[in-house]
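Here's the structure, in structure tokens; my notes come after.
The values are calculated or read from the model by the stated rules, or taken from the named source; none is laboratory data. Worth saying up front: this structure is predicted, and the values here are computed from it rather than measured. Don't worry about glycine lacking a Cβ; one is built from the backbone with ideal geometry, like all the others, and counts go over all protein chains shown. We work out accessible area using only protein heavy atoms, side chains counted, and drop any ligands, DNA or RNA first. Shrake-Rupley method; radii C 1.70, N 1.55, O 1.52, S 1.80 Å.
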Amino acid sequence: MDEKDWHILLTLHEEKNITKAAQRLFISQPALTYRIKQLEKEFKTNLISRGKRGIEFTVKGEYLVHYSREMRNQLRDAKEHLSNLEDKVKGTLRLGVSGLFARYKLPLLLKEFLSLYPDVEISLQTGWSSEIHQMLQKEEAHLGIVRGPYKWQENKMLFQEERICIASSKKIELKELPFLPRINYETDQSLRNTIENWWQETFAVAPKISMEVDRIETCKELVLHGLGYAILPEICIKKDEPLYTFPIALRDRHLLRETWVFYRDVTTDLAQVKAFIDFLNDSKQ
């Protein structure tokens, strides 16, 4: 069993489907099936079973998946530490970043960082902040950028705070909101809870939701075309957009959305991670 086999088992475990796993691995389905049979022969046990719901791993198969994940991580860590034995800042920087932050803030930050450290390679995954938080807990990223009040026991840095605003294509008043069409968008649970709590504290009636969309960018475009108002974090509102906005407040305090940088103590031993943390610290608002 070698590094390729670790990758095969982990991919198959994620997909639970021979065809999809083979496509991700860029090998044929018969070749994948043959390799699994060879592993079962090597360990003298069944690793998987096929059912109506796809591939299921046996208890021993699950053990080998866990072993493969541990071995992959150890090999990755060894490579990273060896690359840091030189004085030059180089190596792979594994980032997990909130999708919204990645859309509006990250590109410029990475451009500036790589201009300072051109020998660093970036491995980036984006998603909901809850997903990034889980990535960090599984040690799948050196550093995570999350939005909202997530708990983290190790190092963290408040990178920025922004206001949460009402956005409309024309001037509207706060007292009008219950009677105007509102456009909702899929978002992180923490932001959804903040907005819902504010509404319940401010109004005695439910909002008039006219549209539900999957992306905040789609929501904003609908608002720009006058199809309703939205409640948006300031990060996605550009200064040159023809939007009428005003921040919302609760008990005379503006509602703020926080962006945090989370990382583990041990990762600061890596030159590329320490360089990026220092860069973010210099760049934070």
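Straight Cα distances below 18 angstrom link Lys52 to the lysines Lys16, Lys20, with same-chain residues fewer than 8 positions distant left out.
Relative intensity of segment 234-285 on a log10 scale, I(q)/I(0) at q = 0.23, 0.28 Å⁻¹, equals -0.93, -1.13, per a Debye sum over C-alpha point scatterers of equal strength in the absence of solvent. Bridge orientation summary for segment 37-133: considering DSSP beta bridges with both residues in this region, about 35 percent are antiparallel. Radius of gyration (Cα atoms) of the chain, expressed as a multiple of 2.2 N^0.38 Å: 1.25. Look at the dipole of the chain built from charges on Cβ: of Ile209, Phe262, Ile195, the Cα furthest out on the positive end belongs to Ile209.
Take the convex hull of the alpha carbons in segment 1-65; its mean projected area over all directions comes to 3.9 nm². In plain terms, the chain from Val213 to Gln137 could stretch by 24.4 nm, reckoned as 0.36 nm per residue minus the Cα-Cα distance.
Dividing the Cα radius of gyration of segment 154-198 by 2.2 N^0.38 Å, with N the residue count, gives 1.54.
I'd like the trypsin sites (Lys or Arg not before Pro) in segment 168-223 restricted to DSSP loop residues with at most 12 other Cβ atoms within 10 Å, sorted by number. All intermediate terms of the calculation are to be shown ahead of the outcome.
Values: sites: Lys170, Lys171, Lys175, Arg182, Arg192, Lys208, Arg215, Lys220; in loops: Lys170, Lys171, Arg215.
Here the sparse-neighbourhood loop sites are Lys170, Lys171.
Considering only beta bridges that DSSP places wholly inside the chain, some 60 percent are antiparallel. Note on Phe203 and Phe179: the extension gain reaches 7.5 nm, defined as 0.36 nm multiplied by sequence separation minus the Cα-Cα distance. Surface composition of segment 102-240: carbon and sulfur atoms hold 48% of the protein heavy-atom accessible area at a 1.4 Å probe.
When nucleic acids and ligands are ignored and a 1.4 Å probe is applied, His81 ends up with an accessible area of around 80 Å². Projecting the Cα positions of Pro118, Ile48, Leu177 onto the charge dipole of the chain (unit charges on Cβ atoms of Lys, Arg, Asp and Glu, taken about the Cα centre) puts Ile48 furthest along the positive direction. Per-residue SASA remark: Phe159, around 10 Å² accessible (1.4 Å probe; ligands, DNA and RNA not included).
Rounded to the nearest 20, the Cβ-based charge dipole of segment 146-255 about its Cα centre (Lys and Arg +1, Asp and Glu -1) stands at 220 debye. The dipole here belongs to segment 1-115: it is taken about the Cα centre, uses +1 on the Cβ of Lys and Arg and -1 on the Cβ of Asp and Glu, and is about 500 debye. Summarising the label geometry, the points placed 7 Å from Cα in the beta-carbon direction at Met1 and Ser115 lie 4.8 nm from one another.
The spread of Cα positions in segment 44-128, taken along each principal axis and listed from longest to shortest, comes to 52, 35, 12 Å. Pairs from the table (Lys4/Lys274; Lys105/Lys156; Lys171/Lys238; Lys90/Lys156; Lys208/Lys284) lying more than 26 angstrom apart at Cα are Lys4/Lys274; Lys208/Lys284.
Each of Leu224, Pro247, Phe279 was scored by the projection of its Cα onto the charge dipole of segment 207-285, and the greatest displacement toward the positive side belongs to Pro247; charges sit on the C-beta of Lys, Arg, Asp and Glu. For segment 111-236, the solvent-accessible area with a 1.4 angstrom probe is 54 square angstrom per residue.
In this calculation the C-beta distance from Lys79 to Glu196 is compared with R0 = 51 Å, giving a FRET efficiency of 0.65.
Taking the alpha carbon gyration tensor of segment 154-285, what are the square roots of 5 times its eigenvalues, largest first, to the nearest whole Å?
Working from the Cα gyration tensor, I get semi-axes of 34, 16, 13 Å.
Between Ser49 and Glu14, how high is the FRET efficiency from 1/(1 + (r/R0)^6) when r is the Cβ-Cβ distance and R₀ = 22 Å? Nearest 0.05. Here the calculated transfer efficiency is 0.80.
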